[in-house]
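What follows is a single structure, written as structure tokens, with notes after it.
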Amino acid sequence: MERLVAAPLFFAARGFPEGPISRDLGVFMEKHVVVMGGGPAGLAAGYEAINRGYRCTVLEKDDIVGGIARTVNFKGYRFDIGGHRFFTKNREVDAFWHKVLPEDFLSVNRLSRIYYRNRFFYYPLRPMNAFLGLGPLDSLLIFLSYIKIRLFPLEEEKSFEQWVTNRFGRKLYETFFRTYTEKVWGVPCSRIGAEWAAQRIKGLSLTTAVKNALFGGRKNKIKTLIPRFHYPREGPGMMYQALAEKIRAKGGTVDLNSEVVELHHENGNLASVIVKNPKTGETRQVHGDFFLSSIPITQLAERLRPAPPDTVLDSCRRLRYRAILVVNLVLDRKNLFPDNWVYVHSPEVKLGRLQNYKNWSPYMIDNQDHTSLGLEYFCDQGDDLWTTDDEALIQLGGRELERLGLANPESVIDGFVVRMPYTYCVYQIGYQALLESVKTSLGQLKNLQPIGRAGMFKYNNMDHSILTGFLAVRNISGEKHDLWSVNVEQEYHEEEGGA
């Protein structure tokens, strides 16, 4: 109880509101931590809070926990929202995962390739595989382009295009990077900040790829790629469902269908939030002493009452999130390809990435004679793709599989569609100043901390998001952690925008 006594004294001295005290039995009631968002960061925060003796409420707007790391069960077939690997160099997060699911963690060999010109290409590129796939002329042009950029590098590296070109040459950038990247972000690579490239494909160049392919060994090991990863037996949602159950078992609350629509503050502190059930329209008020938020940082600022200055709201409107639409298909085919997932660089289709779930875990599929695929389409909320009806999207998925030569539409026996807004924070050139404006405004609320990927507008992997949840609760307990410094060391990020 020593920590529980120290925490209220620490925050009372700094102007935080006092928590409720029950005089019925003379028992001190713990401070109330309200967590907005039931994804990896929010649930990790809830778990940490309840284990430190705080009263905790986790508010999730959907009817299932996990956020973009949820797993959807469709007639016995399990589908992720994209693919979610469990890998980390943080021992605490690794131990946490194994504690939550001690007997249900599989170790999976990674195989992910690029699909381009009806061929599979390894990534990082293997010289002979690339030579045979592209042909001698294109291979020669790539080599010459690389030599040119080494002799005459671009002096400026503000954009993704400039950063990649300086490391691979213009020809290879045009061949393997531009099409896929522009599918993901929906804007030209010249408008995407170099920060994203540096974060996602750090330490990789054509030289290191060739050295790794020819000589191998630890000295030439490419830091960007993880050869094996852990994965819950029935998908990532299994982890977060179990975590929600553990929070509830220890006396915490995880409320589903609970969207935070207003946040009321006074005297430099949040006091309460208004929560709406999106199904019934009913609203209620939730009071708290400390608030942690993994909801999109733009929504967080826009829903403050009183509202922040117009300049901050303008920054919110200009910060962009990219959505993902997943067409999930069940096919009457036993084997299609051995990859866990495939990056589709072919410009003739809208499809961006392709998940093959039985290659993640055999428990993801009800009938081993079938194959379940997740076809990922990157889009914006409200655009033509986002508003296309589900049946038309399922038909589109079948046609695009046929166009890629992977499967016939007749082999599709069932399917459904999942739409997820606010999946990727877009690192457009100039976003830092906009984000700083929002951060500064929110920082004036002493008992509020943003956490997680969408909550911090930061391209976190799951382990980084979980760590922000842990550290935010420890800040409440009197420790001092800079959440914005989490994920500064980026050497083991996945390439190509892995989740």
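Among the listed pairs Lys158/Lys446; Lys61/Lys158; Lys89/Lys334; Lys75/Lys246; Lys99/Lys158; Lys250/Lys439, which are separated by more than 31 Å between their Cα atoms? Intermediate values should be presented prior to the final figure.
Working: Lys158/Lys446 34 Å; Lys61/Lys158 37 Å; Lys89/Lys334 35 Å; Lys75/Lys246 26 Å; Lys99/Lys158 42 Å; Lys250/Lys439 33 Å.
The answer is Lys158/Lys446; Lys61/Lys158; Lys89/Lys334; Lys99/Lys158; Lys250/Lys439.
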Original post:
Considering only the other residues whose Cβ falls under 15 Å of the Cβ of Cys379, what net charge follows from Lys and Arg at +1 and Asp and Glu at -1?
Top reply: -2
Subject >> Residue-averaged 222 nm ellipticity for the chain, from DSSP H runs of 4+ at -39500 (n - 2.57), nearest 500 >> reply: -10000 deg cm²/dmol
Original post:
Taking +1 at the Cβ of each Lys and Arg and -1 at the Cβ of each Asp and Glu, which of Gln395, Leu406, Phe416 sits farthest along the dipole of the range 320-425 towards its positive end, judged by Cα position relative to the Cα centre?
Top reply: Leu406
Subject >> Calculated from backbone phi, Karplus (6.51, -1.76, 1.60) coupling profile of the range 398-408 in Hz, x at Gly/Pro >> reply: x, 5, 6, 4, 5, 5, 7, x, 9, 6, 8
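Given the peptides 34-47, 131-144, arrange them by the average over their residues of other C-beta atoms within 10 Å, most packed first.
Details: 34-47: 30.6, 131-144: 15.3.
In descending order of packing, they fall as 34-47, 131-144.
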**OP:** Report Rg (one decimal) and Dmax (nearest whole number) for the range 320-425, counting Cα atoms only, units Å.
**Re:** 13.4, 41
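Mind sorting Glu174, Glu376 by how few other Cβ atoms lie within 10 Å of their own Cβ, fewest first? Kindly include the intermediate steps, with their values, before the conclusion.
On the way: Glu174 18, Glu376 26.
Lowest count first: Glu174, Glu376.
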Original post:
Hey, got the dipole for the chain? About the Cα centre, +1 on K and R Cβ, -1 on D and E Cβ, debye to the nearest 20?
Top reply: 1520 debye
Subject >> For the chain: relative contact order, % (alpha-carbon pairs under 8 angstrom, 6 or more apart) >> reply: 23 percent
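Take the Cα radius of gyration of the range 62-138 and divide it by 2.2 N^0.38 Å, with N its residue count; two decimals is plenty. Walk me through the intermediate numbers first.
Values: Rg = 18.5 Å, N = 77, 2.2 N^0.38 = 11.5 Å.
Against the compact-globule rule of thumb, the ratio is 1.61.
Excluding Lys158 itself, what net charge comes from residues whose Cβ is under 12 Å from its Cβ, given Lys and Arg +1 and Asp and Glu -1? Could you put the intermediate results ahead of the total?
Working: positive: Arg191; negative: Glu155, Glu156, Glu157, Glu161, Glu195.
Local charge sum for Lys158: -4.
Would you tally the net charge around Leu331, using a Cβ to Cβ cut-off of less than 14 Å, leaving Leu331 out, and scoring K and R as +1, D and E as -1? Numbers along the way, then the final one.
On the way: positive: Lys75, Arg333, Lys334, Lys358, Arg399; negative: Asp332, Asp366, Asp369, Glu400, Glu402, Glu410, Asp414.
That works out to -2.
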Original post:
Taking Cα pairs under 8 Å and at least six residues apart, what relative contact order does the range 320-425 come out at, in percent?
Top reply: 44 percent
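Would you kindly state how much longer the chain becomes between Asp384 and Arg318 on full extension, computed as 0.36 nm times their sequence separation minus their alpha carbon distance, in nm to one decimal? Mind dumping the intermediate values first?
Numbers: separation 66, 0.36 × 66 = 23.76 nm, distance 2.07 nm.
Contour length minus the Cα-Cα distance gives 21.7 nm.
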Original post:
If you put +1 on each Lys and Arg Cβ and -1 on each Asp and Glu Cβ, how big is the dipole of the range 236-392 around its Cα centre, in Debye rounded to 20?
Top reply: 500 debye
Subject >> From the C-alpha gyration tensor of the chain, square roots of 5λ in Å >> reply: 41, 26, 22
Original post:
In the chain, what percentage of the DSSP-assigned beta bridges are antiparallel, given to the nearest 5?
Top reply: 70 percent
Subject >> Under 5 Å, built H, 5+ apart or other chain: amide partners of Gln381 >> reply: Ala323
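Note down the relative contact order for the range 235-321 as a percent, whole number, built from C-alpha pairs under 8 angstrom at least six residues apart. Please list the in-between numbers first.
On the way: 92 pairs, mean separation 17.1, N = 87.
RCO, the range 235-321: 20 percent.
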Original post:
From the backbone phi of the range 53-58, what are the Karplus-calculated ³J(HN,Hα) couplings (6.51 cos²θ - 1.76 cosθ + 1.60, θ = phi - 60°) in whole Hz, Gly and Pro given as x?
Top reply: x, 7, 6, 9, 10, 9
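Per residue, what volume in Å³ does the convex hull of the Cα atoms of the range 224-322 enclose? Could you put the intermediate results ahead of the total?
Details: hull volume 19.5 nm³, N = 99.
Dividing the Cα hull volume of the range 224-322 by its residue count gives 197 Å³.
Bear in mind that the values in this text are calculations on the coordinates, not laboratory data. Treat the numbers as computed from the prediction; the structure is a model and nothing was measured. Note that we place each Cβ from the backbone using ideal geometry, even for glycine, and neighbour counts take in every protein chain shown.
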